[in-house]
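Following: one structure in structure tokens, then a few remarks.
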Amino acid sequence: PSVTTLNSRRFTNKLALLLYLVHKVAAIALVCFLIFKGIQGLIDGSNPAKRKEERVLRYLLPQVEAASLLSITLAFAWQKALREWPQIMVYFILWCTFFMSLSAGILLICFQKPATDGVGVCFIAFAIGNGLYACWVSQRVGFCYKVLLKSLEPVDKFRDLNQPAYWMLGAGFLWMSLWILAVVGALNFYYPALVIIALLLSLCWTTEVMRNVVNLTVSRVIALYYLRGMQSNTQFCFQRALTRNLGSACLGSLFVPAIEAMRIIARGLNLLEGEDEFMFSCAHCCLNVMQSIFRYGNGWAYVQIAAYGKGFVRASQDTWALFEREEMEPIVDSDMMSAICFLTGVCSGSICVIVVAAWTAKVHQPFTATISLLAFFIGYLMTRIAMALPHACVSCYYVCYAEDPKNRLFDKTIKERLELIKAGRDVVVPTPRVPRRFTR
């Protein structure tokens, strides 16, 4: 049976927590060792990698630090703007990401180098997909704005709700600075390419955990406000997210991004419905897997993890059961908030690419493609940490409504849309589970 106490003191997903802590200790040890190797290589005059390390320190480190600071500035600018002007910003984010990613791609192609051409083509391809998505979801923007506006109302009651994001971004900046020094040291070690890939994967998991710590903190504060009318202490919720619920943040950080990617693939496969049977035979298996994945792992689970101290899988099951009970699956399937937060990260990354690529092309053009990719990842990861606040607020609005639809803090926004969907007068784009023709 599910645990429903609001004061659970047990640690959730202990195995995932142990794995993350072991990984973090190993990552810190590796970073310290590589920094030592980098310093050793710079001191040793006979080291063949010395010149390469000096070039990296001179022509790569300043741009990376600038990209980190720029991304933090952009992260809070996006969040502040989204809270102040939600209706305008939903449209602005959709189309600004299109123009920024397109501009970054065109700029990189203008350098006329094979590496920059390849990266530039990827940006342009994404921009085209982004533009098509913006046209596709235009009918859903109105409802997204209404939910966002309503879900952000409790934020003003908690003046320190942004502090966890400040702490996580500060920690992220410090870790990023050490991380880039470790990359320099990797040039003076065996198999530098493999070591750098390992460092990059570790960085992605670490920043994703930081984002979900902010998500859990905000989710507990807002969920307790909706469910019990409580004015929770943000610092206490932050400490709880960093201790008792950290295992769930670690586990979710591994699987939720993959689940979201599979969700996009599932929607793409759904477009094939009606084509020949042979092309769609493999999709049957994939979408059956999707049916189980959405029940046992989804991003909505963080609300119940934060509120009730449940494990990630149990929280996912209980949350999806609530959506099914209230017949809200079409609404949550077509929710745009995850996409909006993703696109703000891409937009920040593209802006960082434009600034850093132009700078690097002037001082040391051979590094342009490498620094552009690095700047994009930094801009994306940092922005996602700050955007955890509005994302958590929207998640709490949906999950807490599903748990108690009669709560006086909720209006008729969701209820009216459910009625429109049932009457066939509203547009939804559900994530498919299994195509109808395979269930006959």
Completion exercise
In terms of the charge dipole of the range 14-423, which places +1 on Lys and Arg and -1 on Asp and Glu at the beta carbon, the residue among T234, M337, V183 farthest towards the positive end is T234
Problem - the range 14-423 - Rg and Dmax from Cα coordinates, angstrom - result: 22.3, 77
Problem - Length gained when the stretch S338-L254 is fully extended (0.36 nm per residue, less Cα-Cα span) - result: 28.6 nm
Handout entry: Computed [θ] at 222 nm, deg cm²/dmol, the chain (DSSP H ≥ 4; -39,500 (n - 2.57); rounded to nearest 500)
Key = -26000 deg cm²/dmol
Fill in the blank from the handout: Whole-Hz Karplus couplings 3J(HN,Hα) for the range 310-327, θ = phi - 60° and coefficients 6.51, -1.76, 1.60, Gly and Pro as x, run 7, x, 4, 5, 4, 5, 5, 4, 5, 5, 5, 5, 5, 4, 5, 4, 8, 6
Practice task
Identify all lysines with a Cα-Cα distance to K50 below 27 Å; exclude those on the same chain that are fewer than 8 residues away in sequence.
Solution key: K37, K113, K362
Handout entry: Extension gain (nm, one decimal) between F92 and E324, 0.36 nm per residue minus Cα-Cα
Key = 80.2 nm
Completion exercise
Per the 1/(1 + (r/R0)^6) rule, R0 = 51 Å and r from the Cβ atoms of T243 and Q365, FRET efficiency to 0.05 is 0.60
Handout entry: Segment A29-A261, length gained on full extension (0.36 nm per residue, minus Cα span)
Key = 80.4 nm
Problem - Accessible-area composition of the chain, carbon plus sulfur, in percent [1.4 Å probe] - result: 65 percent
Completion exercise
Along the dipole axis of the chain (charges at Cβ: +1 for Lys and Arg, -1 for Asp and Glu; origin at the Cα centre), the most positive-end residue among S395, A306, W205 is A306
Exercise for the section: Over 29 Å between C-alpha atoms is what I'm after, so list which of K157/K415; K157/K310; K80/K406 land there. Expected result: K80/K406
Handout entry: Dipole magnitude (debye, nearest 20) for the chain, charges at Cβ of Lys, Arg, Asp, Glu
Key = 820 debye
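If you build the Cα gyration tensor of the range 302-342 and take the root of 5 times each eigenvalue, what three semi-axes come out, in whole angstrom, biggest first?
Semi-axes (√(5λ), whole Å): 19, 15, 7.
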Practice task
Just grab the label-to-label distance for A66 and V289, each label 7 Å out from Cα along the Cβ direction, in nm (one decimal).
Solution key: 4.3 nm
Practice task
Give the residue from Y133, G120, L42 lying farthest towards the positive end of the charge dipole for the chain; charges sit on Cβ (+1 for Lys and Arg, -1 for Asp and Glu) and the dipole is referred to the Cα centre.
Solution key: L42
Handout entry: Cα-projected label distance for F36 with Y166, points at 7 Å along beta-carbon direction, nm
Key = 3.6 nm
Exercise for the section: Please give the per residue accessible area of the chain, computed with a probe of 1.4 Å over protein heavy atoms only, in Å². Expected result: 45 Å²
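The values are calculated or read from the model by the stated rules, or taken from the named source; none is laboratory data. Since the model is a prediction, treat every value here as computed from it, not as a measurement. Cβ coordinates were reconstructed from backbone atoms using ideal geometry, including for glycine residues, and neighbour counts include every protein chain displayed. Side chains included, ligands, DNA and RNA excluded: accessible areas come from the protein's heavy atoms. Shrake-Rupley method; radii C 1.70, N 1.55, O 1.52, S 1.80 Å.
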